[in-house]
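Data first, discussion second: the structure below is written as structure tokens.
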Amino acid sequence: MMGLIWELMNVLPRELKTSCVCILSLFLFLNTSAQTQANEFILLFYNVENLFDVQNDPMTNDDEFTPEGERHWTFKRLQRKLLNTSRAIIASAGWKMPAIIALCEIENKYVLEELRNKTPLKFTPYKIIHKESPDFRGIDVALLYNTEEFYPLAYEYLPLKDKNGNIRYSREILYVTGIIGGLDTLHIFVNHWPSRYSGVMETRELRNEAAKLLRTHIDQILSLNDRAKIVVLGDFNDQPHDESISKFLTAKPVTEKTSVKELYNLSTLWAGLYSGTLKYQWQWYTFDQVMVSGGLLNAHNGLYTSPEWAGVSTLPFLFEEDRTYGGKKLSRTYNGYHYNGGFSDHLPIWLKLQTH
């Protein structure tokens with residue numbers, strides 16, 4: 001983190017550097033004092049929207065993201081996309097770099113390595129968990145973890161299947177379990193459920209099946225330890241009240257009394273007419289969500305969290321003026337096929353964990 005701070009300091013005008021050093025010194029003092037009170041870990045999820053390399057993969061439908069394709073996707077544009085993505089991640093996490101960065105809509109391990117090695121993320125010792133998915137566009141879910149804060153014990157990709165047991169051409173669910181802070185075991189599920197592109201009703205059953213698959217694996221963990229500490233992150237392409245989340249995944253809103261055996265959706269209060277994690281025309285939606293097991297809300301030792309420790313990153317630079325539908329919209333890489341040089345069509349979301 002200090003390497004990142006000093007790199008940014010080097011580009012400041014000379015007259016600002018003295019003031020920034022004083023502010024930085026004060027921050028480091030306060031931050032060190034805060035860290036002595038509790039170990040804190042940030043988990044971040046970000047749908048980065050079409051993070052493709054520039055090469056044509058003959059096995060997937062990625063032709064538009066090539067120099068010769070409809071979007072004229074070039075290495076220069078890729079580099080800007082990577083820097084923008086790292087900027088959103090770092091700023092969303094605050095001063096403390098995330099222990100876990102969960103991502104979706106990335107094409108392959110190459111773009112993950114470029115993100116890790118060629119942006120300011122390089123100052124944090126991140127390692128990558130990734131596998132090529134059967135998605136027809138070639139987009140995957142993946143996870144970066146800070147080796148100083150998280151030690152993975154095992155991971156598994158869970159494929160979506162149809163009623164006949166055949167694997168669907170969609171993103172898999174990533175399951176990772178490991179030790180965080182050298183203190184406690186954490187189970188993490190990273191999701192990017194089937195989209196609504198062919199219609200909400202036409203694709204509803206696909207998301208319901210994804211919810212059933214995820215619920216089955218959560219129940220398996222809870223059957224072994226009903227106080228297991230589980231975090232579910234992702235772009236679900238449904239909102240908290242939709243049946244895939246509320247009925248089949250049975251993720252509940254947080255009430256005054258919580259049970260260790262239940263799954264709770266910390267994102268239910270994010271949805272509103274003028275708030276959410278993405279915007280389509282004039283309407284905001286909350287597709288990106290954070291859910292936790294009751295074991296994290298009721299922990300008497302080790303890791304714990306609280307409903308107010310989950311949120312949506314609403315950094316001003318992630319938005320631009322919406323001249324068509326009013327208010328603000330997200331600053332995307334493309335508006336249609338017009339290159340805009342922005343960030344993503346989704347906002348990052350985050351969860352804070354602490355230890356007793």
Exercise for the section: With a cut-off of at least 1 residues that are free of Cβ contacts under 8 Å to residues at least 60 places away in the same chain and touching a Phe, Trp or Tyr at 6+ places or on another chain (Cβ under 9 Å), name the strands (runs of 3 or more DSSP E) lying wholly within segment 175-256. Expected result: 184-192, 251-253
Exercise for the section: Quick one: which residue in LYS261, LYS229 is among the basic types (Lys, Arg), at pLDDT 95 or above and under 25 Å from THR355 (Cα atoms)? Expected result: LYS229
Exercise for the section: Would you mind telling me which numbered condition in (1) open to solvent by 10 Å² or more (accessible area, probe 1.4 Å); (2) in a strand (DSSP E or B); (3) touching an Asp or Glu at 6+ places or on another chain (Cβ under 8 Å) ARG171 fails? Expected result: (2)
Handout entry: Qualifying position, being part of a helix (DSSP H, G or I), more than 26 Å from ILE179 (Cα to Cα) and aliphatic (A, V, I, L, M), among LEU82, LEU115
Key = LEU82
Practice task
Could you tell me whether any residue of segment 304-320 is hydrophobic (A, V, I, L, M, F, W, C) and either touching an Asp or Glu at 6+ places or on another chain (Cβ under 7 Å) or free of Cβ contacts under 8 Å to residues at least 12 places away in the same chain (or both)?
Solution key: no
Problem - Pairs, first under 13 Å from ARG80 (Cα atoms) and of a type in the set (Val, Ile, Thr) in segment 323-347, second in a loop (DSSP other than H, G, I, E, B) and open to solvent by less than 90 Å² (accessible area, probe 1.4 Å), C-beta under 9 Å, six or more apart - result: THR333/ARG71; THR333/ASN340; THR333/GLY341; THR333/GLY342; THR333/PHE343; THR333/SER344; THR333/ASP345
Exercise for the section: Tell me, please, whether a residue that is among the charged types (D, E, K, R) and either open to solvent by less than 40 Å² (accessible area, probe 1.4 Å) or under 21 Å from the mean Cα position of the chain (by Cα) (or both) can be found in segment 253-274. Expected result: no
Practice task
Could you please find all residues in segment 327-356 being modelled with pLDDT under 95 and either open to solvent by less than 10 Å² (accessible area, probe 1.4 Å) or touching a strand residue (DSSP E or B) at 6+ places or on another chain (Cβ under 6 Å) (or both)?
Solution key: THR355
Problem - Residue count, segment 47-95 (criterion: among the hydrophobic types (A, V, I, L, M, F, W, C), open to solvent by less than 50 Å² (accessible area, probe 1.4 Å) and under 29 Å from PRO194 (Cβ atoms)) - result: 11
Handout entry: Subset of segment 206-231 that is within 11 Å of LEU249 (Cα to Cα) and of a type in the set (Val, Ile, Thr) - its residue that is most open to solvent (accessible area, probe 1.4 Å)
Key = THR216
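The values are calculated or read from the model by the stated rules, or taken from the named source; none is laboratory data. These figures come from a predicted structure and were not determined experimentally. With ideal geometry, Cβ positions are generated from the backbone for all residues, glycine too; neighbour counts draw on all protein chains shown. Keep in mind that these areas ignore ligands, DNA and RNA; they rest on the heavy atoms of the full protein, side chains included. Shrake-Rupley method; radii C 1.70, N 1.55, O 1.52, S 1.80 Å.
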